[in-house]
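J.: Dropping the structure in here first, questions after.
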Amino acid sequence: MDQQNNTLEPHVLMFPIPFQGPVNCFLKLAELLCLSGIHVTFLNTEHIHGPLLRHTQFLSRFSRYPNFKFETILDGVEHETPVSGDRFVEVMAAVDAVTKPLLREMMISGRLSWKSYRPVTVMIPDALFSFAVDIAIEASIPVICFETISPCCLWTSYLNLPTRIEAGDVPFEGVPFFFLNKQDWIMSQKEF
């Protein structure tokens, strides 16, 4: 067998969480990869793909890249009404229950597996999709987790917020806060 048949062209599978901000970040990265000549499959859940079709120009934007394609996957989210960030946990639970086995099938024996015409050679899931890492390892595919959160949000929400709560700076007087009170936050952190 000659060397040419043993070498696969790079093919990246990108899989963002189904919310507008992360999808936008992934689309920008996908475009950069396409400009580099890398084949990109952008996997959207049906929850976010419909609004993208209706409210953006992404199809015309990516039509100039022959090395780019969209795929959709079931997500277990009801599509009659838009889902906002306040239902984040519900959406992620639905994706974990419904999408995880479907993605596994796609990557192990389906249309994106080594058995396909153009197998995926690298997976770039959202960092919140830990199940995608397990699937990539099972499929023997390198995986690079992509975190779409901004540095500002990382600092305020994850790294500094517990300190601000303990100091009494948060929640602000008279402003609703997503935790019931300081004790609830502290108790929830002890469970980790």
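J.: Consider Pro119 against the criteria (1) open to solvent by 60 Å² or more (accessible area, probe 1.4 Å); (2) at pLDDT 90 or above: it satisfies all of them except one. Which criterion is unmet?
T.: Against the list (1) open to solvent by 60 Å² or more (accessible area, probe 1.4 Å); (2) at pLDDT 90 or above, Pro119 comes up short only on (1).
J.: Looking only at the stretch 65-79, count every residue that is in a loop (DSSP other than H, G, I, E, B), open to solvent by less than 30 Å² (accessible area, probe 1.4 Å) and not acidic (Asp, Glu) and tell me the total.
T.: Of the residues in that region, 3 qualify.
J.: Right, next: Residues Ser109, Ser140: which one is open to solvent by 80 Å² or more (accessible area, probe 1.4 Å), out of contact with any helix residue (DSSP H, G or I) (no Cβ under 9 Å at 6 or more places or on another chain) and at pLDDT 70 or above?
T.: Step by step, each of Ser109, Ser140 is checked, and only Ser140 is open to solvent by 80 Å² or more (accessible area, probe 1.4 Å), out of contact with any helix residue (DSSP H, G or I) (no Cβ under 9 Å at 6 or more places or on another chain) and at pLDDT 70 or above.
J.: Mind checking which pairs have a first residue in the stretch 122-148 that is free of Cβ contacts under 8 Å to residues at least 40 places away in the same chain and a second that is acidic (Asp, Glu) and part of a loop (DSSP other than H, G, I, E, B), Cβ under 9 Å, 6 or more apart or different chains?
T.: Note: pairs meeting the criteria are Ala127/Glu147.
Okay, residues lined up against (1) among the small types (Gly, Ala, Ser); (2) at pLDDT 90 or above; (3) on the phi > 0 side of the Ramachandran plot:
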{"site": "Asp2", "(1), (2), (3)": "no, no, no"}
{"site": "Leu27", "(1), (2), (3)": "no, yes, no"}
{"site": "Ser36", "(1), (2), (3)": "yes, yes, no"}
{"site": "Val40", "(1), (2), (3)": "no, yes, no"}
{"site": "Ile48", "(1), (2), (3)": "no, no, no"}
{"site": "Arg54", "(1), (2), (3)": "no, no, no"}
{"site": "Leu59", "(1), (2), (3)": "no, no, no"}
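J.: Follow-up question, since we're still on this one. Being among the aromatic types (Phe, Trp, Tyr), out of contact with any helix residue (DSSP H, G or I) (no Cβ under 8 Å at 6 or more places or on another chain) and either at pLDDT below 95 or within 18 Å of Ile144 (Cβ to Cβ) (or both): is that true of Phe88 here?
T.: Answer is yes for this residue.
J.: Give the number of residues within the stretch 51-64 that are open to solvent by 20 Å² or more (accessible area, probe 1.4 Å) and either part of a helix (DSSP H, G or I) or in contact (Cβ under 8 Å) with a residue 24 or more places away in the chain (or both).
T.: Residues that pass the stated criteria total 7.
J.: So the check is Cβ under 8 Å with 6+ separation or different chains; which pairs have a first residue in the stretch 91-106 that's open to solvent by 50 Å² or more (accessible area, probe 1.4 Å) and a second one that's of a type in the set (Val, Ile, Thr) and not in a helix (DSSP H, G or I)?
T.: What qualifies is Leu102/Ile73.
J.: Of all residues in the stretch 26-46, count the ones that are under 16 Å from Asp126 (Cα atoms), in a helix (DSSP H, G or I), open to solvent by less than 20 Å² (accessible area, probe 1.4 Å) and free of Cβ contacts under 8 Å to residues at least 60 places away in the same chain.
T.: Looking only at that region, the number is 2.
The values are calculated or read from the model by the stated rules, or taken from the named source; none is laboratory data. Just so we're clear, the structure is a prediction, and the values are computed from it rather than from any experiment. Cβ coordinates were reconstructed from backbone atoms using ideal geometry, including for glycine residues, and neighbour counts include every protein chain displayed. For accessibility, only protein heavy atoms count, side chains too; no ligands or nucleic acids. Shrake-Rupley method; radii C 1.70, N 1.55, O 1.52, S 1.80 Å.
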